[in-house]
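First comes the structure, then the notes that go with it.
The values are calculated or read from the model by the stated rules, or taken from the named source; none is laboratory data. Because the structure is a prediction, the values reported are computed rather than measured. With ideal geometry, Cβ positions are generated from the backbone for all residues, glycine too; neighbour counts draw on all protein chains shown. Heavy atoms of the whole protein, side chains included, go into the accessibility calculation; ligands, DNA and RNA do not. Shrake-Rupley method; radii C 1.70, N 1.55, O 1.52, S 1.80 Å.
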Amino acid sequence: MRTCLAIVLAAGEGTRMLSPRPKVLHAIGGQSLLTHVLVALRAAGQTRTAVVVGPDHAAVAAEARQVLPDTEFFVQTERRGTAHAVLAAKPALIRGADDILVIFGDTPLIRPQTLGKLRAALADGAAVAVLGFRPEDPTGYGRLVTTGGDLAAIREETDASASERAITLCNGGLMALAGKQALAILSSIGNDNRKQEFYLSDAVAVARGMGYKATAIEVTEDEVRGINSKAQLAQAEAVLQQRMRQAALAAGVTMTAPETVFFSADTKLGKDVVVEPYVVFGRDVVVEAGATIRSFSHLAGAHVGKDAIVGPFARLRPGTKLGEGVHIGNFVEVKEARIEAGAKANHLSYIGDARIGAGANIGAGAITCNYDGTGKHRTEIGKHAFIGSNSALVAPVAIGEGAYVGSGSVITRNVPANALALGRGRQVIKAGWAKRARSRKPKSKKKAKSSD
Ligand code: UD1
Ligand code: MG
């Protein structure tokens, strides 16, 4: 099997993002641009990865290590061009590999299959393989110059002649280089151009000059979208969402209005899950087979069991675990809570830091009071317990199995199994009071002033 060294360029300044955060740490689908790229590399069978970062980019390195723990890092101290950036990783290049893949950290939509095609071109004998695409607006991109059908050079726009600018096939930016020739090619790239930068795109002309073969593989614009602004970030998000919706439908998820459903890159939906319109999945959500997520629900860090029903208008926050057949209804918020099989909280509840036993029923408006202003406390509710509407369970507190809590109770002490707990003012009846009140002669009333 051929070995592959991936060099990820992530030294971009990101000033056009108008954010103190490094560009490659901005997210689409709840996952950083850099992570998208690294995940694609892993799927394409990379053996080693080097990330070229700018100075003070510890956060970028930390993010990369989370995905690929043995990533090596190289700092490019001065921005002198894409080829200069690749050469910052020279020690990794010297150690070598059969295939060298250079990939930009701000190109999150690249597919592993496409990286595979670039590698296949090297296996076929090319020294350099690039991605070509035909953008709606080619402004700013390098143009692929061909002679007799062969890729001859890439001309950056600032250096291109009028006829070269008319070329519609543009450079996607990423590149594959044969390991044996990579260092020789990269070291021969000069900076004799308008910007006086060392252009990676010049690798094509240099390789041809050395008598090697260069090829271009055409892909869609979406795959090579580079992100330089918040508007481009939003465009890439739209493309990614579209891909995730298609994948969910293809995997058997039912959605009547997929264009209104938003996923995270790590969302996992089981077979025959139904997602109604306008649902948002934040990070780290698993929904098991047969569950229904009804409209206008927001889920993050939640595990939804088989055949459960969530929403409409439900909010599941991190640490939520719903067992099989659980019902979470409208205006119910759940956080850091395990709700066991068949339990129900159908209306207007807050359940935080709790365990609710199987088959328990949480009445409308019942809440756990988990926070006392300084610390969080837990509520334990036994199986088949019944919590009456509008009750407040002041944690730490435990309600025993099969116990009843009367509506409107404020529960501050543990309730034994099968007991009834009432913690509310006793009702008083005053017979005929209302009628007497109405028949009482009204005191002299001032005539209302007419206002005009
Ligand atoms: C590059 C290509 C261009 C192609 C386009 C596709 C070159 C010279 N040009 O242009 O042919 O059409 O991508 O999007 O390669 N970087 C560094 N250090 C540097 C310079 C760049 O790390 O000194 C990184 C950037 O952070 C970025 C990537 O390399 O991730 C590409 O740089 P960028 O300035 O965006 O190149 P383009 O002008 O877009
Ligand atoms: Mg760019």
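Under 14 Å from the 7 Å Cα→Cβ point of ARG134, by amide nitrogen: which residues of the range 211-231?
218-222
For a quick size check, give me the Cα extents of the range 325-417 along its three principal axes, largest first, whole Å.
Each principal axis gives a Cα extent; for the range 325-417 these are 34, 27, 22 Å.
Could you state the number of Å between the C-alpha centres of the range 159-209 and the range 225-297?
Spelled out, the Cα-based centre of one part sits 39 Å from the other.
What number comes out for accessible area per residue over the range 278-372 if the probe is 1.4 Å? Units Å², please.
Spelled out: the 1.4 Å probe surface of the range 278-372, per residue, equals 38 Å².
Go through PHE313, PHE263, PHE104 and list them by solvent-accessible area, largest first, probe radius 1.4 Å.
PHE313, PHE104, PHE263
Over all directions, how big on average is the projection of the convex hull of the alpha-carbon atoms in the chain, in square nanometres?
If I average the Cα hull's projected area over directions, I get 35.7 nm².
Residue by residue through the range 358-372, what is 3J(HN,Hα) from phi via Karplus (6.51 cos²θ - 1.76 cosθ + 1.60, θ = phi - 60°)? Round to whole Hz and write x for glycine and proline.
Listing the rounded values in order: 4, x, 6, 10, 9, x, 4, x, 6, 9, 8, 9, 8, 10, 9 Hz.
With angles folded into 0 to 90 degrees, how steeply does helix 112-123 sit against the dominant principal axis of the chain? Use alpha carbons for both and round to 10.
Result, in degrees: 20.
Which pairs in the list LYS230/LYS268; LYS117/LYS268; LYS344/LYS383; LYS321/LYS344; LYS321/LYS383; LYS230/LYS335 are over 20 Å apart, alpha-carbon to alpha-carbon? Display every interim value, and only then the final one.
Numbers: LYS230/LYS268 27 Å; LYS117/LYS268 28 Å; LYS344/LYS383 11 Å; LYS321/LYS344 13 Å; LYS321/LYS383 16 Å; LYS230/LYS335 31 Å.
Pairs exceeding the cut-off: LYS230/LYS268; LYS117/LYS268; LYS230/LYS335.
So between VAL274 and VAL75, what do we pick up on full extension, going 0.36 nm a residue minus the alpha carbon distance?
Answer, rounded to one decimal: 66.9 nm.
Report, in deg cm²/dmol and to the nearest 500, the calculated mean residue ellipticity at 222 nm for the chain, where each DSSP H run with n ≥ 4 adds -39500 (n - 2.57) and the sum is divided by the residue count.
Calculated from helices alone, the mean residue ellipticity at 222 nm is -6000 deg cm²/dmol.
Give me the three principal axis extents of the range 197-337 from the C-alpha atoms, as integers in angstrom, largest value leading.
Principal-axis extents of the range 197-337 (Cα, largest first): 68, 28, 24 Å.
For a quick protection proxy, order the peptides 117-125, 169-177, 370-378 by their average other-Cβ count within 10 Å, most packed first.
Peptide ranking by packing, descending: 169-177, 117-125, 370-378.
Against the empirical 2.2 N^0.38 Å scaling, what ratio does the C-alpha Rg of the range 120-227 come to?
Computed over Cα atoms of the range 120-227, the ratio equals 1.01.
Ignoring everything but the protein chains, give the 1.4 Å probe accessible area of TYR350 in square angstrom, nearest 10.
50
With r defined as the distance between the Cβ atoms of ASP124 and ASP56 and R0 fixed at 35 Å, what FRET efficiency is calculated, to the nearest 0.05?
Details: r = 41 Å, r/R0 = 1.18.
That gives a FRET efficiency of 0.25.
Can you give the charge dipole size of the range 1-120 about its Cα centre, rounded to the nearest 20 debye, using +1 on the beta carbon of Lys and Arg and -1 on the beta carbon of Asp and Glu?
Roughly 260 debye for the range 1-120.
If each residue of separation counts as 0.36 nm, what is the full-extension length gain between GLU324 and GLN232 once their alpha-carbon separation is subtracted?
29.0 nm
At a Förster distance of 60 Å, what's the computed FRET efficiency of ARG111 paired with THR374, Cβ-Cβ distance as r, to 0.05?
0.75
Could you tell me the relative contact order of the chain? Use alpha-carbon pairs under 8 Å, at least six residues apart, and round to a whole percent. Kindly include the intermediate steps, with their values, before the conclusion.
Details: 1136 pairs, mean separation 37.6, N = 452.
Once divided by the residue count of the chain, the mean separation gives 8 percent.
Using only alpha carbons, build the gyration tensor for the range 1-103 and give me the equivalent ellipsoid semi-axes, biggest first, whole Å.
Details: eigenvalues 94, 57, 22 Å².
Each semi-axis is √(5λ); the values are 22, 17, 11 Å.
Would you list ARG440, ARG225 from the most to the least accessible area, probe 1.4 Å?
So the residues, ranked largest to smallest area, are ARG440, ARG225.
Taking R0 as 45 Å, what FRET efficiency do you get between ARG42 and ASP159 from their Cβ-Cβ distance, rounded to the nearest 0.05?
0.80
Top to bottom by accessible area (1.4 Å), largest first, where do HIS26, HIS347, HIS327 land?
Of HIS26, HIS347, HIS327, the descending order of accessible area is HIS347, HIS327, HIS26.
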